[in-house]
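Let me begin by presenting the structure, written as structure tokens, before commenting on it.
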Amino acid sequence: MLFKFKQFEVEQSGCAMKINTDGVLLGCLAGTGQPQTILDIGTGTGVIAMMMAQRFPDAIIDAVEIDTSAAQTAQKNFKGSVFANRLNVYPVGFEEYFTTYPQSKYNVIVSNPPFYINSLEAAATKTNLAKHTDGFFFETLIKVVSTHLTSNGLCWLVLPISTAVLVKQLCLQNGLFVQQVIAIQSFAHSEPHRQIIAFGLTETEIVQQQFVIYDAPKVYSGQYQQCLRDFFTIF
């Protein structure tokens, strides 16, 4: 299935995790300023990496993906895009990647990670790999991120609320500080179902934001439309 954005196209074959709301919101909300180096952990189709490439034209974006077939799809999508010379994909997990490139540091690290911790497994193995994990995954992720951010760099994750609580605790244990929290809600009256959290090496006052997806059933909010106006052809 081919998903057409305004400036690029995304083929999704071979990827357990298709384009979804979590990913595109992370792609349009993560990062500030003019980052030069960006890492996308678990890139899947490569959509977040390409959104970041569009938003930050001076950045070099590396992407890692442990699922070989998904990495191949991401590579195809990267090569077919106008950002091809700034996008690199590595068909390995983030631990192996940093073992190979131990000196690499990034202004921005993003990830839409697997987040169903200790829950029932999905029927399909590939979907299982993409969606399910355990607490040890996040312990390892946070430890690794803490040594590969630049001094003012930030890691941005999109997470269910319960997983975000765990990750915030792990940040404190590893010398990282949450700097931004974006609460994602379906409607203005709904409880948040996701948080985008940004954390780095500097302790600052936490910036809290609210993001509402719909004004009414099947009616996107102005906030959502503004966020994705540069990407989605329907806006």
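State the answer as a single residue: which of Gly93, Leu170, Val82 lies farthest towards the positive end of the charge dipole of the chain, with beta carbon charges of +1 for Lys and Arg and -1 for Asp and Glu, about the Cα centre. Value: Val82.
For the chain, what number of Lys pairs, 8 or more residues apart or on separate chains, have alpha-carbon atoms under 23 Å from each other? For the chain, the number of qualifying lysine pairs is 20. For segment 1-118, the gyration tensor built on C-alpha atoms gives a rounded shape. Its axis ratio a/c (a ≥ b ≥ c) stays under 1.5. Over all other residues within a Cβ to Cβ distance under 12 Å of Phe177, the charged ones net out to -1, with Lys and Arg as +1 and Asp and Glu as -1. Annotation: extensible slack from Thr32 through Asp230 equals 69.7 nm (criterion: 0.36 nm per residue apart, minus Cα-Cα distance).
Among residues other than Leu201 with Cβ under 14 Å from its Cβ, the summed charge is +1 (Lys and Arg +1, Asp and Glu -1).
If the viscosity is 0.890 mPa s and the temperature 25 °C, what translational diffusion coefficient in µm²/s does Stokes-Einstein give for the chain when Rh comes from Kirkwood over Cα pairs? This corresponds to a translational diffusion coefficient of 137 µm²/s. Subtracting the Cα-Cα distance of Glu203 and His189 from 0.36 nm times their residue separation leaves 1.9 nm of extension gain.
Could you state the number of Å between the C-alpha centres of segment 133-180 and segment 1-66? Their Cα centres are 20 Å away from one another. Mean sequence separation of contacting Cα pairs (under 8 Å, at least six apart), scaled by the length of the chain, corresponds to a relative contact order of 17 percent. Amide H contacts for Val110 (H built 1.01 Å from N in the peptide plane; partners 5 or more residues away or on another chain; cut-off under 5 Å): Leu39, Asp40, Ile41, Trp156.
Full extension of the segment from Gln210 to Ala84, taken as 0.36 nm per residue of separation minus the current Cα-Cα distance, would add 42.0 nm. Each Lys and Arg contributes +1 and each Asp and Glu -1, all at the Cβ; summed about the Cα centre of segment 1-84, the dipole is approximately 260 debye.
For segment 84-101, the Karplus equation 6.51 cos²θ - 1.76 cosθ + 1.60, evaluated at θ = phi - 60°, returns couplings of 3, 6, 10, 10, 9, 10, 10, x, 9, x, 5, 5, 5, 4, 6, 5, 6, 10 Hz by residue, with Gly and Pro reported as x.
Rounded to the nearest 20 debye, the dipole size of the chain about its Cα centre is 480 debye, using +1 on the Cβ of Lys and Arg and -1 on the Cβ of Asp and Glu. Counting neighbouring beta carbons within 10 Å and listing from fewest to most, the residues Glu65, Glu191 come out as Glu191, Glu65.
Laboratory data are not the source of any read-out in this text; all were calculated from the coordinates shown. Just so we're clear, the structure is a prediction, and the values are computed from it rather than from any experiment. Neighbour counts are summed over all protein chains in view; Cβ atoms, including those assigned to glycine, are modelled from backbone coordinates with ideal geometry.
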